[in-house]
1. Given labels modelled 7 Å from the Cα in the Cβ direction, how far is it in nm from Asp136 to Leu110?
2. When the helix-only estimate is applied to the chain (DSSP H runs of n ≥ 4, each -39,500 (n - 2.57), divided by the residue count), what is the mean residue ellipticity at 222 nm, nearest 500 deg cm²/dmol?
3. Does region 105-258 classify as rounded, prolate or oblate by the C-alpha gyration tensor (a ≥ b ≥ c root eigenvalues; a/c under 1.5 gives rounded; else a/b over b/c gives prolate, otherwise oblate)?
4. Probe of 1.4 angstrom, ligands and nucleic acids ignored: what's the accessible area per residue over region 149-256, in square angstrom?
5. Determine the sum of side-chain charges near Glu209: Lys and Arg each +1, Asp and Glu each -1, restricted to other residues whose C-beta is under 14 angstrom from that of Glu209.
6. Charges at C-beta only: +1 for Lys and Arg, -1 for Asp and Glu. How large is the resulting dipole of region 1-118 about its Cα centre, in Debye rounded to 20?
7. On average, how much area does the Cα convex hull of region 68-186 cover when viewed from any direction, in nm²?
8. Note the per residue figure in Å³ for the convex hull of the C-alpha positions in the chain.
Amino acid sequence: MKVPILSEVLARGETPDILFWVGCAGSYDARAQKVTQAFCEILNRIHYSYAILGDEEKCTGDPARRAGNEFLFQMLALQNIETLNSYQVKKIVCTCPHCFNTLKNEYPDLGGQYEVLHYSQFLDQLILEGKIISIDPIGQTTVSYHDSCYLGRVNGIYEAPRNVIRELKIEIKELKRSRTNGLCCGAGGAQMFKEDEPGEKRINIERTEELLANGTDKIVSNCPFCLTMLSDGVKAKDQQERVMVYDLAELVLQNMKA
């Protein structure tokens, strides 16, 4: 797959409309890499003008700050801001809600002022503009949608991903705990990189049980960490042959006209 690198695009005298921030998970985690590929495939199919930083992109520093290492966070953030400002980046789209939150809400204090969108917001805009056209549904399909904490409760974005799913003509079977009452997958706030807190049950198992009880065989999330935690939960319940866990970009790609 051809993915444009920002430095090369600019060297050709072109300016992309957006910078796609891939993130650490989207770069290195095998499952999240498929989401990165799906999002790039969507952009390639509609011939959208975008680019990535490639090797120049560093971790946003989100896990470091959540774990209490403020020095490391600021060091990474300042390096990224220097890179972004040197290329005069104006608009960034992220597939990871953690990168989205950090770039949008925390980089301005360090001199990084950008328009930052989560890809659910961006895809919602593209569908409304008619740039992504969904296929006609063969039959009624329902999915269970899981709100990621850093998109939902931290940034108050609940409708954009739901709009995308509805615009694909797919019914959402809402969970009992959703939107402001949504349940964490257990990986947020750098929890992905440490031992579980003491308790009777892992949070991703609790959440998976709710999803399985909802009665759908398709689960949709919009965060690489939620994707991992929910997939692990489904496997722990030995339901991986019956229940699929999708990322929103994968759902769009599967349901868009070529």
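The values are calculated or read from the model by the stated rules, or taken from the named source; none is laboratory data. Predicted, not measured: the structure shown is a model, and the values here were computed from it. Glycine gets a Cβ as well: all are built from the backbone with ideal geometry, and neighbour counts include every protein chain shown. These area figures cover heavy atoms from the full protein model, side chains too; ligands, DNA and RNA do not enter into them. Shrake-Rupley method; radii C 1.70, N 1.55, O 1.52, S 1.80 Å.
1. 5.2 nm
2. -11500 deg cm²/dmol
3. Oblate.
4. 48 Å²
5. With Lys, Arg at +1 and Asp, Glu at -1, the net is +2.
6. 320 debye
7. 9.2 nm²
8. So the per-residue hull volume is 128 Å³.
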